[in-house]
Number of protein chains: 2
Amino acid sequence: MKQPERDPPGKPGAKRATVIDVARLAGVSAGTVSNAINGKRRVDPETRSRVDAAISALGYRPNMAARGIRTGRANTIALFSSMATGVAAGPSRLGFLMEIAAAAALAALERNVALVLVPPIPEPEAALRTVPLDGALLVEPARNDPFLPFLAARGIPTVSIGAAYGMVSAQVDLNYEATADLLIDHLLEMGARDFPLLIGTSARRYFEVFEARYRARAAQIGMVPQVLRIEERLGEAAAAQVMARHLLSRPGLDGVLAPVDALATGAMMALREARRAVPAEVRVVTRYDGLRARSEAPQLTAVDLHLDMVARHAAIALLELIEGRPVASIVPGPLPQIIVRGSSRPG
Amino acid sequence: MKQPERDPPGKPGAKRATVIDVARLAGVSAGTVSNAINGKRRVDPETRSRVDAAISALGYRPNMAARGIRTGRANTIALFSSMATGVAAGPSRLGFLMEIAAAAALAALERNVALVLVPPIPEPEAALRTVPLDGALLVEPARNDPFLPFLAARGIPTVSIGAAYGMVSAQVDLNYEATADLLIDHLLEMGARDFPLLIGTSARRYFEVFEARYRARAAQIGMVPQVLRIEERLGEAAAAQVMARHLLSRPGLDGVLAPVDALATGAMMALREARRAVPAEVRVVTRYDGLRARSEAPQLTAVDLHLDMVARHAAIALLELIEGRPVASIVPGPLPQIIVRGSSRPG
DNA sequence: AGTGCTTATGAAACCGGTTTCGGCGCCTTC
DNA sequence: GAAGGCGCCGAAACCGGTTTCATAAGCACT
């Protein structure tokens, strides 16, 4: 049952090399090998090079479990997603998540830390009971995110991507205000004067921010604010329905502000159904520039959130936090840039 | 620098409980606590319940690092992807990968094992030097997959999703033959008699299988085989170009068999450009039923590969393997089902 | 030569589990 | 009633690292 990992190079029957083996070969003690590797204590350069030689001669790799028992570190961070993975909730969120996951995993791996993926699960307590985690990344957590209490109870450092509700160690700014302004200003520039805001029903910061900016601007220009809330779980189809109904009550509608891509494509469906030309009669814009926005016809104007950079910042901040180094509670993120496409561009 | 994880419930100043604490409270020895937890040795039911009581009273959670040092287990498996994550390679692959990742993570988590995500990296050796892994999942590895030698060298049990090239411990069958037949038969039923096969240039089993089945059927019905190879890295745009050129040489073309969704949508672009009606004049079918296939107009006929189930099977097989239990070298996967949509359906 | 300080190192304790080994009590069996 | 077997358990070794503590060597200074 015990099967210690066998390691090259060398005889196939050999167990994996340990510090002791390295120490013996280098003619030093185990403690010195440890110090040579980790640089916690000064080691004579000459000694160090003997140790290094022994390490590569034996193909030594430290046993992380043994190390972890003293350091308390597991060298793993988790990416938590409270978004439903079901197809119903839409592969669009999966795209969003995956962009972040890939970039975060890369940044972590560069520092020899592994990223573990935690999809939404009913009982995080039970499932993660035996999973050692040094820290957690949370993607746009909802106000009542089920993972937050769990992480707080375990005392796990947590960095959120996008604003959270104060329960995290740090957050990377996704610049919700700037993003909302970018899209709203663009709609206005393109001549839209009567457009609803489509958002989800869950309590997420960016919905709140979009709504606030939308209402503020609407008041400024004397537009009747129209905030349509759609249960995200129901996705595109629900958005199409709500939009279709809304079109009846506001025939003069000339734009749509739908930060969630699935809601935007839902609106597009309704507009096609109602024979409203996009962008000639109605301009449509969304936030997340995923596959969905790009495969719509016409393609949707969206925002480049630089998710890869955001994810990288978040992972790095988290690792700093884990190392015990101070990190700003709000890490500035890259500025969003609008990508104007056919759905809002005249001609 | 040392900051042992503090744990509820109890005084916030308290260190996390250990087996020793549990043993003391239950009035037994540490060894007995261990055996009560892991069930390796018989423990009197009465004793066990005392231990259980002590565990929950103290909120004890075993330290996985300490456990791992003896068991040699890290309780993590990795999902390796050799697919490029860049936008160029297409978010479609991300969707494919994410579906698998989510399902595999879930299946692993149910068994208290974490799934770590390994995006393509230049030097797996270096980056994963200190990342402990019990096993690996490989998604449709190419023949010269860079991860394979690494995994073999480390002696890490590996399960591939879809056929590999014999270098893995086990593989979950994605039923390439059945999938190819499903699509080809469907094209024929829909009256197509002159259709090319669009595949990628990399050495992947499913390209080989599709090509073999395609050629076999073409020979049967007397169709001139037309195999178009497109570098996957270049994606949709390249497919559109190749397809446009091909259309000139075969004006009578009445179908397209493009297993990769990005190649299928590329072909759709070319067809639109050339003013060929789909499905009236040309039927188009693809394999992966992702966002891409569904957001095409008309929607693409595709195959439900039951990726979630495949991923689950793969994760479970891998965990069995890790436990040392025997596993079939080819685990049967769920049968693919065709999803007929507008791109190939008459009327 | 003796004292004090710094630097480099080895020996041993330690981390928190698991596993081995052997002992004890109790029940059969001859 | 002694021998043997079995079920249950405690003591101690063990896993492979890190960290503490003591010491030896080297050097400067008095």
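Coordinate-derived values only; no laboratory data. Note that the structure is predicted; figures quoted are calculated from it, not measured. All Cβ positions, even for glycine, are placed from backbone atoms using ideal geometry, and neighbour counts span all protein chains on display.
Mean sequence separation of contacting Cα pairs (under 8 Å, at least six apart), scaled by the length of the stretch B:92-220, corresponds to a relative contact order of 18 percent.
Amide H contacts of A:ILE230: A:ILE199, A:GLY200, A:THR201, each under 5 Å away and 5 or more positions distant or on a separate chain (H built 1.01 Å from N in the peptide plane; Pro and chain starts excluded). Taking the number of Cβ atoms within 10 Å of each Cβ as an exposure proxy, the fewest-first ranking of A:ILE20, B:ILE69 is A:ILE20, B:ILE69.
Rounded to the nearest 5, what % of DSSP beta bridges with both residues in the protein assembly as shown are antiparallel?
On the way: 8 of 66 bridges.
Percent antiparallel among DSSP bridges in the protein assembly as shown is about 10.
Which net charge results when you count Lys and Arg as +1 and Asp and Glu as -1 among the other residues whose beta-carbon is under 14 Å from that of A:PRO124? Overall, the nearby charge balance is -1. Annotation: amide H of A:GLN171 within the under-5 Å range of A:SER160, A:ILE330, A:VAL331, sequence separation 5 or more or interchain, hydrogens built in the peptide plane.
Using a Förster distance of 25 Å, how high is the FRET efficiency between B:VAL340 and B:GLU273, based on the Cβ-Cβ distance and rounded to 0.05? Walk me through the intermediate numbers first.
Working: r = 25 Å, r/R0 = 1.00.
Efficiency at R0 = 25 Å is approximately 0.50.
Applying both filters, DSSP loop and at most 12 other Cβ atoms within 10 Å, to the GluC sites (Glu not before Pro) of the stretch A:140-238 gives A:GLU231. Each residue of the stretch B:61-72 is assigned a 3J(HN,Hα), and the resulting list reads 10, x, 7, 5, 5, 4, 5, x, 5, 8, 7, x Hz, derived from the Karplus form 6.51 cos²θ - 1.76 cosθ + 1.60 (θ = phi - 60°), x at Gly and Pro. Averaging 1/r across all pairs of distinct Cα atoms in the protein assembly as shown and inverting the result yields a Kirkwood radius of 27.6 Å.
Calculated over the stretch B:19-62, the projected area of the Cα convex hull averaged across directions stands at 2.5 nm². Taking Cα atoms, how many degrees apart are the long axis of helix A:261-273 and the longest axis of chain A, rounded to 10 and kept between 0 and 90? Helix A:261-273 sits roughly 30 degrees off the main axis of chain A.
Coupling constants for the stretch B:220-234 follow from the phi torsions by the Karplus curve (6.51 cos²θ - 1.76 cosθ + 1.60, θ = phi - 60°), and in residue order they are 4, 9, x, 9, 6, x, 10, 9, 9, 9, 10, 5, 4, 4, 7 Hz; glycine and proline get x. Scaling against 2.2 N^0.38 Å puts the C-alpha radius of gyration of the stretch A:195-347 at 1.17. Between the helical axis of A:176-189 and the longest alpha-carbon principal axis of chain A there is an angle of about 30 degrees.
Computed over chain B, relative contact order equals 16 percent, with contacts defined as Cα pairs under 8 Å that lie 6+ residues apart. Across the identical copies, the label point of A:ARG70 (7 Å from Cα in the Cβ direction) is separated from its matches by 2.0 nm, in order from shortest. Using amide H atoms built 1.01 Å from N in the peptide plane, name the residues 5+ places from A:ARG283, or on other chains, whose amide H lies under 5 Å from its own. So A:ARG283 has HN proximity to A:GLY255, A:VAL256.
Per residue of chain B, what 222 nm ellipticity follows from adding -39500 (n - 2.57) for every DSSP H run with n ≥ 4, rounded to the nearest 500?
Working: 13 runs with 151 residues, N = 347.
Helix-only estimate at 222 nm: -13500 deg cm²/dmol.
3J(HN,Hα) along the stretch A:334-340: x, 6, x, 10, 7, 10, 7 Hz, from the Karplus curve 6.51 cos²θ - 1.76 cosθ + 1.60 with θ = phi - 60°, whole Hz, x for Gly and Pro.
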